[in-house]
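Q: Quick one: the structure is below, and I'll ask about it shortly.
The values are calculated or read from the model by the stated rules, or taken from the named source; none is laboratory data. Only a predicted model underlies this, so the values are computations on that prediction, with no experimental measurement involved. No Cβ is skipped: glycine too gets one built from the backbone with ideal geometry, and neighbour counts run over all protein chains shown.
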Amino acid sequence: MRIFMFASILFMGVFFTQCQGQNNLITKNKSSMELSNKEKVVALLNSFNTGDKTPISYINPNKYIQHNLAVGDGLAGFGAVIQNAPEGGFKANVVRAFEDGDLVFTHTEYDFFGPKAAFDVFRFEDGLIVEHWDNMVHVTPPNLMEQQK
């Protein structure tokens, strides 16, 4: 009888432990489907290459401030840039991306009317992009005179 009770208790302990593990697995899978802010920015920049319009939904249409003076605020400003793209569109290659709190920083190689290197900063509120700063410079060939020293 004692062996039966011990086996029953052991079985119940293993059973409930497994059930708890399944609940943790479900929670982990559910949260892994939500994109981080960094993943949202990378998806938005990669949309220049793919044409995917989904990442535009990561921009807050009512609060988006663009700190590049050549681009207007809101989705209208973002859309105007896209509409003025050259044939073949713009290209973006995210070299690296970092997330710190509500900020995401990227080092990106762009083809915006010629090759450019950029440092972008995106600020998020409630999971949406509300501000964007960038610093773009034209990529120039290496200075051969500097290499000969």
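Q: Can you name the residue in segment 112-131 that is under 21 Å from Gly72 (Cα atoms) and touching a helix residue (DSSP H, G or I) at 6+ places or on another chain (Cβ under 9 Å) and is also modelled with the lowest pLDDT among such residues?
A: Phe112
Q: Before we move on, is Pro61 touching a Leu at 6+ places or on another chain (Cβ under 7 Å), of a type outside the set (Asp, Glu) and surrounded by fewer than 14 Cβ atoms within 10 Å (Cβ to Cβ)?
A: On the way: touching a Leu at 6+ places or on another chain (Cβ under 7 Å): yes; of a type outside the set (Asp, Glu): yes; surrounded by fewer than 14 Cβ atoms within 10 Å (Cβ to Cβ): yes.
When the stated conditions are applied, Pro61 passes them.
Q: If you don't mind, there's one more thing I want to ask. Within segment 96-114, which residues are surrounded by 13 or more Cβ atoms within 10 Å (Cβ to Cβ) and either over 11 Å from Phe48 (Cα atoms) or basic (Lys, Arg) (or both)? Lay out the reasoning, then the answer.
A: Initial filter on segment 96-114 (surrounded by 13 or more Cβ atoms within 10 Å (Cβ to Cβ)): 97, 99, 102-112.
Once the filter is applied, which keeps residues that are surrounded by 13 or more Cβ atoms within 10 Å (Cβ to Cβ) and either over 11 Å from Phe48 (Cα atoms) or basic (Lys, Arg) (or both), segment 96-114 yields Ala97, Glu99, Asp102, Leu103, Val104, Phe105, Thr106, His107, Thr108, Glu109.
Okay, residues lined up against (1) among the charged types (D, E, K, R); (2) farther than 30 Å from Met33 by Cα; (3) assigned by TED's automatic domain parsing to the domain that holds Leu44:
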site: Asn68; (1), (2), (3): no, yes, yes
site: Phe78; (1), (2), (3): no, no, yes
site: Ala85; (1), (2), (3): no, yes, yes
site: Glu99; (1), (2), (3): yes, no, yes
site: His107; (1), (2), (3): no, no, yes
site: Tyr110; (1), (2), (3): no, no, yes
site: Phe119; (1), (2), (3): no, no, yes
site: Met136; (1), (2), (3): no, yes, yes
site: Val139; (1), (2), (3): no, yes, yes
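Q: Restricting attention to segment 115-149, which residues are surrounded by fewer than 14 Cβ atoms within 10 Å (Cβ to Cβ), part of a strand (DSSP E or B) and hydrophobic (A, V, I, L, M, F, W, C)? Step through it out loud before you land on a result.
A: Looking only at segment 115-149, we keep the residues that are surrounded by fewer than 14 Cβ atoms within 10 Å (Cβ to Cβ), and these are 115, 119, 125-127, 135, 137-149.
This time we only want the ones that are part of a strand (DSSP E or B), so: 115, 119, 125, 135, 137-138.
Phe119, Val137 - these are the residues of segment 115-149 that are surrounded by fewer than 14 Cβ atoms within 10 Å (Cβ to Cβ), part of a strand (DSSP E or B) and hydrophobic (A, V, I, L, M, F, W, C).
Q: Within segment 88-95, can one find any residue that is exposed (fewer than 15 other Cβ atoms within 10 Å of the Cβ), outside any loop (DSSP other than H, G, I, E, B) and modelled with pLDDT under 85?
A: For segment 88-95, residues exposed (fewer than 15 other Cβ atoms within 10 Å of the Cβ), outside any loop (DSSP other than H, G, I, E, B) and modelled with pLDDT under 85: absent.
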